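Okay, so here's the structure we're looking at.
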Amino acid sequence: MPNTFAFVGTQNRNGQGTGISVYRFDSATGELTLASEYLAIDNPGYLAIDEKRKRLYAAVEIPAWNENMAVAFDIDPETGALSYINMQPTLGNTTCHLGFDQQGETIFASNYTVANLGEQPGNAVAAFALREDGGLEPAFAAAAHEGKHAIIATDKRQHGHCAVASPDNRYVFVCDLGLDRIVAYNLPKIGEAMTLASAPFVQFPDGAGPRHLTFHPNGKVAYVINELNCTVSALDYDPTDGELSILQTLPSLPDDFTDTNTCAEIAISSDGKFLYGSNRGHNSIVSYAVAPSGELSLIGWTPSQGIGPRNFTIDPSGAFMLVANQKGGGIAIFQRDVATGALSDTGKRVDLPNPMRIVFGTFG
């Protein structure tokens, strides 16, 4: 029988998180059983998995350092245990996301940046080639979005939050919530510099804060969750020049909610019929139906059963959603109706402090 594991990054600098926790996942019941922990890592947050090659990559997120790290691990397919390979500096501060190109040959690190303006290195994004053994080569390309070396001049602070390769692997899109832009780069070949696409960015309203991006399985439409103005936007993708253009924007919150909220994660179901986002403050998962055109219609909200749902992920079968409540409540497990997209609380919980990111891997 195949082994399915859930890998969870937990920040451990505050003395609560455990590093990276590995759980066996029961696809029939949705239950998680602790299999192992990797403790010898400093403040891991975002995780990215190369399931085919059985490797895991972790972003070390330490705002006090001018540079953070990306760390590579081998995964034991029988036990889920992690074995350290190597790490590399990310050429920027507060590394909060890792993303692969479509071939799994390059990984991009996004740096939020809370270091003082002008301190170097200060790149919003950096690109790494992967060695044959899964280790990270030193970054071969990077780009700054602020300061005298900015690829486009600006007087705003950069806050890179994710880098996502286009489905055709021609471009990489970097969400910068400080600039209210998604910056488009030609996807660099290994050893090449990062250069702007012909359509270099899409501009969002001031204060929107585009944070995370995902593509529809059809490769023609992308969706972004805007952290600061609490909206979700659908964008048309033009592969001829890398242009993203905003088609539609919907709220992530009920009209009558007036307290503080910031959005975090966005994900689409594998059949492309349902889109989900997380609200931190309202503490909910917002659900949308996706029309064949790619347009969204609001379904409603499901309480996250915790505080500060930073991340969530749908299991490989599509029948469950795991929600990582960073500020309290640990991991909550929901049943997902694949026909309607509806979420229902199973009552199952994992008492884990500071969960930041959950990724699944199935082996065998």
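The values are calculated or read from the model by the stated rules, or taken from the named source; none is laboratory data. Bear in mind that the values here come from a model prediction, so they are computed numbers and not experimental data. Here the Cβ is made from the backbone with ideal geometry for all residues, glycine too, and neighbour counts use every protein chain on show. Only protein heavy atoms, including side chains, enter the accessible area calculation; ligands, DNA and RNA are left aside. Shrake-Rupley method; radii C 1.70, N 1.55, O 1.52, S 1.80 Å.
Let's see how each residue does on (1) of a type in the set (Val, Ile, Thr); (2) touching a residue at least 60 places away in the same chain (Cβ under 8 Å); (3) out of contact with any strand residue (DSSP E or B) (no Cβ under 9 Å at 6 or more places or on another chain):
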| position | (1), (2), (3) |
| --- | --- |
| 161 | no, yes, no |
| 170 | no, yes, no |
| 173 | no, yes, no |
| 181 | no, no, no |
| 186 | no, no, no |
| 190 | yes, yes, no |
| 197 | no, no, no |
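Restricting attention to the range 143-154, report how many residues are modelled with pLDDT under 95 and open to solvent by 50 Å² or more (accessible area, probe 1.4 Å). Please lay out each step first, then the result.
Taking the range 143-154 as the starting set, the residues that turn out to be modelled with pLDDT under 95 are 147-149.
Still in the running and open to solvent by 50 Å² or more (accessible area, probe 1.4 Å): 148-149.
Number satisfying all stated conditions: 2.
Out of curiosity, is residue 347 more than 28 Å from residue 246 (Cα to Cα) and open to solvent by 30 Å² or more (accessible area, probe 1.4 Å)?
Numbers: more than 28 Å from residue 246 (Cα to Cα): yes; open to solvent by 30 Å² or more (accessible area, probe 1.4 Å): yes.
Answer is yes for this residue.
Find the strands (runs of 3 or more DSSP E) located wholly in the range 1-92 whose residues include 2 or more that are among the basic types (Lys, Arg) and touching a residue at least 60 places away in the same chain (Cβ under 8 Å), and list them.
Values: elements: 3-10, 19-25, 32-38, 44-50, 55-60, 69-75, 82-89.
Hits in the range 1-92: none.
Could you identify the single residue in 61, 51 that is open to solvent by 10 Å² or more (accessible area, probe 1.4 Å), more than 30 Å from residue 120 (Cβ to Cβ), within 20 Å of the chain's Cα centre (by Cα) and not hydrophobic (A, V, I, L, M, F, W, C)? Give the derivation first.
On the way: 61 fails: more than 30 Å from residue 120 (Cβ to Cβ).
Answer to the selection: 51.
Here are some residues: 307, 358, 299, 333. Which one is of a type outside the set (Phe, Trp, Tyr) and either exposed (fewer than 15 other Cβ atoms within 10 Å of the Cβ) or touching a helix residue (DSSP H, G or I) at 6+ places or on another chain (Cβ under 7 Å) (or both)? Let's see the steps before the verdict.
Details: 358 fails: either exposed (fewer than 15 other Cβ atoms within 10 Å of the Cβ) or touching a helix residue (DSSP H, G or I) at 6+ places or on another chain (Cβ under 7 Å) (or both); 299 fails: either exposed (fewer than 15 other Cβ atoms within 10 Å of the Cβ) or touching a helix residue (DSSP H, G or I) at 6+ places or on another chain (Cβ under 7 Å) (or both); 333 fails: either exposed (fewer than 15 other Cβ atoms within 10 Å of the Cβ) or touching a helix residue (DSSP H, G or I) at 6+ places or on another chain (Cβ under 7 Å) (or both).
Matching residue, one of 307, 358, 299, 333: 307.
Could you tell me whether the range 14-24 includes any residue that is of a type in the set (Lys, Arg), open to solvent by 40 Å² or more (accessible area, probe 1.4 Å) and modelled with pLDDT under 95?
Pass one, the range 14-24, residues of a type in the set (Lys, Arg): 24.
Right, trim to open to solvent by 40 Å² or more (accessible area, probe 1.4 Å) and you get 24.
Next, from what is left, pick out any that are modelled with pLDDT under 95: none.
There is no residue in the range 14-24 that is of a type in the set (Lys, Arg), open to solvent by 40 Å² or more (accessible area, probe 1.4 Å) and modelled with pLDDT under 95.
Give the range 157-177 a look and list any residue that's open to solvent by less than 10 Å² (accessible area, probe 1.4 Å), among the hydrophobic types (A, V, I, L, M, F, W, C) and in contact with a Cys (Cβ under 9 Å, 6 or more places away or on another chain), or say none.
Answer for the range 157-177, where residues must be open to solvent by less than 10 Å² (accessible area, probe 1.4 Å), among the hydrophobic types (A, V, I, L, M, F, W, C) and in contact with a Cys (Cβ under 9 Å, 6 or more places away or on another chain): 162, 163, 173, 174, 175.
Criterion first (of a type in the set (Phe, Trp, Tyr), modelled with pLDDT of 95 or more and more than 30 Å from residue 280 (Cα to Cα)) does residue 140 satisfy it?
Numbers: of a type in the set (Phe, Trp, Tyr): yes; modelled with pLDDT of 95 or more: yes; more than 30 Å from residue 280 (Cα to Cα): yes.
Against the criterion (of a type in the set (Phe, Trp, Tyr), modelled with pLDDT of 95 or more and more than 30 Å from residue 280 (Cα to Cα)), residue 140 qualifies.
Out of (1) farther than 14 Å from residue 343 by Cα; (2) open to solvent by less than 50 Å² (accessible area, probe 1.4 Å); (3) not polar (S, T, N, Q), the odd one out for residue 292 is which?
Here residue 292 clears every test but (2).
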